[in-house]
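Undergrad: Handing you a structure now.
The values are calculated or read from the model by the stated rules, or taken from the named source; none is laboratory data. It should be emphasised that the depicted structure is a prediction, and the values quoted were computed from it without experimental measurement. Note: ideal-geometry Cβ built from the backbone for every residue, glycine included; neighbour counts use all protein chains shown.
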Amino acid sequence: MTAWTEFLSSQGATLADGVVADFGDAPGELAAAEAQTVLADLSQFGLIALAGEDAQTFLHGQITNDLRGLSEKAAIFAGYLSAKGRMLANFLVMKRDDDVLVMLPAALREPIQKRLSMFILRSKVKARDAGAEWVRLGVNGASASDALSAALGFAPPEDLMSITRNEQAFVLCLGPQRFDVFVRPDAAQALWTKLAKACKPVGAPAWDWLMVRAGVPMVLPQTQDHFVPQMANMEILGGVSFNKGCYPGQEIVARSQYLGKVKRRLYLAHVDAAALPGEELFSAELPDQPAGHIANAAPAPGGGSDVLAVVHSSCVEAGDVRLKARDGAALRFQPLPYPV
């Protein structure tokens, strides 16, 4: 265990593979995520740092979004694709001092870092694991901004994807009263202690539920190479630029945007069963093939699971989509918090 995970254990955290499962009351923590201001450790996410004078230019040429204007004042959401235009990862991109930071699920950090490194060639760039350099926290709820201001001594940002900072920490706005916080390890324990006085500590499942309800998909090992960006609503979420230069998979993305209708889209749904990323979905509308896949899933406060599912639109319109089998639990679709 690291000093940070030892500290979390001392605060009552139950850890599994370095990730906080809960603080002793998983159902209560889910209920709190829905109704209160909560604090989460985000060790389920890893960090890649790209350093060197070509770091920003190199990554710009690899991903779906435009990094030419990247500064320390705002983050970018982007996808990283195979040559066939399907997402191998999607992530936040931020700049801090001389590093371009990429935040993505910890399970993908090593393979994506290795793949990026394969294409560096003569570029003046080095990629490293930066997970030990920044503790990642999430704060969400009606008093999140006030709690962060009091604990950090500076105001968190108000605009989506904007960043404020001091020497020890920086804060990214993910939405109204929802923030990612990055803090140096030597300041992390004191910050957690201050925030925990105003926020209820919750495990990773509660934070994952908040992101599902926000309609923000995250590519995981189970869903790598499954979805073109538009299937996951990436262009709606600002994760795709159609005005930048070439990148792997760009032709497929452009063709999907301009020459054909995207038949599968990301939807928010509830299902009265346990659900896992990558599980297949079925519908009578498509008798010879799966109707889609679960992209992300989290236990719901009232039981069952809330999911982000990539599904053929005709099956959603027909109102009959089932989990794992044609007679499986039915998905009940709900509005996303943004227009599609």
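Undergrad: Do you know which residues across region 278-296 are in contact with a Ser or Thr (Cβ under 7 Å, 6 or more places away or on another chain) and β-branched (Val, Ile, Thr)? Give the steps one after another, and end with the answer.
TA: Of the residues in region 278-296, the ones in contact with a Ser or Thr (Cβ under 7 Å, 6 or more places away or on another chain) are 278, 285, 291, 293, 295.
The answer is none; no residue qualifies.
Undergrad: From the set of residues in region 277-287 that are charged (D, E, K, R) and under 23 Å from the mean Cα position of the chain (by Cα), which is surrounded by the most Cβ atoms within 10 Å (Cβ to Cβ)?
TA: Going through region 277-287, the residues charged (D, E, K, R) turn out to be 279-280, 285.
Of the ones still in play, those that are also under 23 Å from the mean Cα position of the chain (by Cα) are 279-280.
Values: 279: 20, 280: 15.
Step by step, filter region 277-287, then rank; the result is 279.
Undergrad: Please specify each residue of region 254-268 satisfying the condition of being over 24 Å from residue 208 (Cβ atoms) and either loosely packed, with under 12 Cβ neighbours inside 10 Å or touching a helix residue (DSSP H, G or I) at 6+ places or on another chain (Cβ under 8 Å) (or both).
TA: Narrowing region 254-268 to residues over 24 Å from residue 208 (Cβ atoms): 254-263.
Result: 256, 257, 258, 259, 260, 261, 262, 263.
Undergrad: Looking at region 112-121, which of its residues are out of contact with any Asp or Glu (no Cβ under 9 Å at 6 or more places or on another chain) and outside any helix (DSSP H, G or I)? Steps first, answer last, please.
TA: Filtering region 112-121 down to residues out of contact with any Asp or Glu (no Cβ under 9 Å at 6 or more places or on another chain) leaves 112, 114-119, 121.
Of everything in region 112-121, those that are out of contact with any Asp or Glu (no Cβ under 9 Å at 6 or more places or on another chain) and outside any helix (DSSP H, G or I) turn out to be 119, 121.
Undergrad: Out of region 205-262, which residues are over 16 Å from residue 88 (Cα atoms), modelled with pLDDT under 95, outside any loop (DSSP other than H, G, I, E, B) and aliphatic (A, V, I, L, M)?
TA: Once the filter is applied, which keeps residues that are over 16 Å from residue 88 (Cα atoms), modelled with pLDDT under 95, outside any loop (DSSP other than H, G, I, E, B) and aliphatic (A, V, I, L, M), region 205-262 yields only 254.
Undergrad: Which condition breaks for residue 251 when tested against (1) surrounded by fewer than 18 Cβ atoms within 10 Å (Cβ to Cβ); (2) without any contact (Cβ under 8 Å) to a residue 60 or more places away in the chain?
TA: Failing condition for residue 251: (2).
Undergrad: Return yes when residue 190 is among the aliphatic types (A, V, I, L, M), at pLDDT 95 or above, buried (at least 19 other Cβ atoms within 10 Å of the Cβ) and on the phi < 0 side of the Ramachandran plot and no when it is not.
TA: Values: among the aliphatic types (A, V, I, L, M): yes; at pLDDT 95 or above: yes; buried (at least 19 other Cβ atoms within 10 Å of the Cβ): no; on the phi < 0 side of the Ramachandran plot: yes.
Spelling it out, it is not the case that residue 190 is among the aliphatic types (A, V, I, L, M), at pLDDT 95 or above, buried (at least 19 other Cβ atoms within 10 Å of the Cβ) and on the phi < 0 side of the Ramachandran plot.
Undergrad: Take the residues in region 235-248 that are touching a helix residue (DSSP H, G or I) at 6+ places or on another chain (Cβ under 9 Å) and either surrounded by fewer than 18 Cβ atoms within 10 Å (Cβ to Cβ) or not small (Gly, Ala, Ser) (or both), then tell me which one is farthest from residue 82 (Cα to Cα). Please lay out each step first, then the result.
TA: Taking region 235-248 as the starting set, the residues that turn out to be touching a helix residue (DSSP H, G or I) at 6+ places or on another chain (Cβ under 9 Å) are 235-236, 239-240, 242, 244-245, 247.
Then keep just the ones that are either surrounded by fewer than 18 Cβ atoms within 10 Å (Cβ to Cβ) or not small (Gly, Ala, Ser) (or both); that gives 235-236, 240, 242, 244-245, 247.
Numbers: 235: 17, 236: 20, 240: 15, 242: 17, 244: 18, 245: 16, 247: 10 Å.
Restricting to residues being touching a helix residue (DSSP H, G or I) at 6+ places or on another chain (Cβ under 9 Å) and either surrounded by fewer than 18 Cβ atoms within 10 Å (Cβ to Cβ) or not small (Gly, Ala, Ser) (or both), the top hit is 236.
Undergrad: Something else about it: Residues of region 160-187 being surrounded by 15 or more Cβ atoms within 10 Å (Cβ to Cβ) and among the hydroxyl-bearing types (Ser, Thr, Tyr), which ones?
TA: 164
Undergrad: Now for a different question. Would you be able to tell me the number of residues in region 193-204 that are part of a helix (DSSP H, G or I), farther than 15 Å from residue 306 by Cα and small (Gly, Ala, Ser)?
TA: Our first condition is that a residue be part of a helix (DSSP H, G or I); within region 193-204, this holds for 193-196, 204.
Now narrow it down to the ones that are farther than 15 Å from residue 306 by Cα: 193-196.
In the following step, the residues that additionally are small (Gly, Ala, Ser) were identified as 196.
Residues in region 193-204 being part of a helix (DSSP H, G or I), farther than 15 Å from residue 306 by Cα and small (Gly, Ala, Ser): 1 in total.
Undergrad: A further question on this structure: Out of all the residues in region 136-155, which are within 20 Å of residue 211 (Cα to Cα) and either free of Cβ contacts under 8 Å to residues at least 24 places away in the same chain or exposed (fewer than 14 other Cβ atoms within 10 Å of the Cβ) (or both)?
TA: The answer is 142, and nothing else.
Undergrad: Taking residue 274 as meeting all but one of (1) in contact with a Pro (Cβ under 9 Å, 6 or more places away or on another chain); (2) surrounded by 19 or more Cβ atoms within 10 Å (Cβ to Cβ); (3) not in a strand (DSSP E or B), write down the number of the exception.
TA: (2)
Undergrad: Residue by residue through region 317-332, note down the ones that are in contact (Cβ under 8 Å) with a residue 24 or more places away in the chain and not in a strand (DSSP E or B). Outline the logic, then answer.
TA: Here is the first cut: in region 317-332, the residues in contact (Cβ under 8 Å) with a residue 24 or more places away in the chain are 318, 320-326, 328-332.
Within region 317-332, 318, 320, 321, 324, 325, 326, 328, 329 meet the criteria.
Undergrad: Of all residues being touching a residue at least 40 places away in the same chain (Cβ under 8 Å) and over 17 Å from the mean Cα position of the chain (by Cα) in region 288-316, which is surrounded by the most Cβ atoms within 10 Å (Cβ to Cβ)? Just the residue, please.
TA: Among them, the one singled out is 311.
Undergrad: Would you confirm, using the coordinates I've provided, whether residue 142 is in a loop (DSSP other than H, G, I, E, B), out of contact with any Lys or Arg (no Cβ under 9 Å at 6 or more places or on another chain) and over 14 Å from residue 73 (Cα atoms)?
TA: Working: in a loop (DSSP other than H, G, I, E, B): yes; out of contact with any Lys or Arg (no Cβ under 9 Å at 6 or more places or on another chain): yes; over 14 Å from residue 73 (Cα atoms): yes.
When the stated conditions are applied, residue 142 passes them.
Undergrad: Provide a single number: the residues in region 74-105 that are more than 18 Å from residue 254 (Cα to Cα) and either among the acidic types (Asp, Glu) or touching a Ser or Thr at 6+ places or on another chain (Cβ under 7 Å) (or both).
TA: Looking only at that region, the number is 5.
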